[in-house]
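Taking it in order: structure first as structure tokens, then the write-up.
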Amino acid sequence: MFELTTEYIQKDIADSSQIFQRGVRLYQEGVYNCIEMDEVHSAFVYEIDANFGDYTTRVRLLTDGVQTACDCPYPGKGCKHTVGVLLDVMHRQNLKKSTQVQSLASVATVDDFLTPDEIRAQAISDRRQKARKEPFTALMGDMLKGEHIVETPRKRRYRVTLHDPHTGAGHCSCPDFLTNCLGTCKHLVYLAETIKKDRTMSARLSQERFPAGLRR
Ligand SMILES: [Zn+2]
Ligand SMILES: [Zn+2]
């Protein structure tokens, strides 16, 4: 099976060094989710949480290189999604043979760009930006502090439960929330902001407690 390296992804995959850097950022922020993995054929399918909707990126490791496909609008072959996904696949490969110092060093080069705190801060601000930019639709539930549906521009629906719109605390059924360990996602941020901006809803808020059925 073909062994991925940072150099290979940078020189043979990324269309430019700028795209490579963007792919590195995508990898660091973890705004993707591996939805299919075929270990026998070394084929992977990823869903990317991009600025205006979700993209699907497929990669397959051959004996002498990789086969890639991404459904984003970028016209070239080596888009940032493909770069980010290949870095993740490389990371998986390296974890498998983590005793090899050499491969760990190559992961370190990629991870060296930012500290863990910086990555986390950036990941959160990334979700905030997306919550502001993307044309989501909110289907409000009965209670503001409760369950709602957020629909994406691509008509995907996620169940968002808000505990408190002021702090943004809650949870979401999207793959990003389930895997990012940030305690938030763009749907949750979007919904909390929507409620805070709406006067009628804000006025209603003080009447509610969470969970709705609980009485003291
Ligand atoms: Zn792409
Ligand atoms: Zn979400």
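Nothing in this text is a laboratory measurement; each read-out follows from the coordinates by a stated rule. Small disclaimer: the values here were computed from a predicted structure and weren't measured. All Cβ positions, even for glycine, are placed from backbone atoms using ideal geometry, and neighbour counts span all protein chains on display.
Take the Cα of Asp198, go 7 Å toward its beta carbon, and the backbone nitrogen atoms of the range 149-185 under 11 Å from that spot belong to 149. Anyone know which of Pro116, Pro135, Pro73 comes out most mobile in the 10 Å Cα GNM of the chain? Highest fluctuation among the options: Pro73. Here r is the Cβ-Cβ distance between Ser16 and Arg120 and R0 is 30 Å; the resulting FRET efficiency, rounded to 0.05, is 0.60. Fewest-first ordering of Leu62, Leu205, Leu87 by other beta carbons within 10 Å of each residue's beta carbon gives Leu62, Leu205, Leu87. Fewest neighbouring Cβ atoms within 10 Å first, the residues His187, His163 line up as His163, His187.
For the chain, what does the relative contact order come out to in percent, with C-alpha contacts under 8 Å and a separation of six or more? Averaging sequence separation for qualifying contacts and normalising by length gives 17 percent for the chain.
Ellipticity at 222 nm from helices only: DSSP H runs of n ≥ 4 in the chain, each -39500 (n - 2.57), divided by the residue count, give -12000 deg cm²/dmol.
Relative to the longest principal axis of the chain, what angle (0 to 90°, nearest 10) does the C-alpha long axis of helix 186-197 take? The helix 186-197 is inclined about 30 degrees to the chain. Once the chain from Arg209 to Asn51 is taken as fully extended at 0.36 nm per residue, the excess over their C-alpha distance is 53.5 nm.
Suppose we look only past 19 Å in the calculated P(r) of the range 120-205. What percent of the Cα-Cα pairs does that tail hold? Above the 19 Å cut-off, the range 120-205 has 29 percent of its Cα pairs.
Helix 17-29 axis versus longest C-alpha principal axis of the chain: approximately 50°, rounded to the nearest ten. When only Cα pairs below 8 angstrom with a gap of at least 6 residues are kept, the range 120-205 shows a relative contact order of 26 percent. When its C-alpha radius of gyration is set against 2.2 N^0.38 Å (N residues), the chain gives a value of 1.17. Going from the residue with the fewest nearby Cβ atoms within 10 Å to the one with the most, Thr161, Thr167, Thr179 rank Thr167, Thr179, Thr161. Based on the Kirkwood approach, the hydrodynamic radius assigned to the range 1-64 is 12.9 Å, with every pair of different Cα atoms included.
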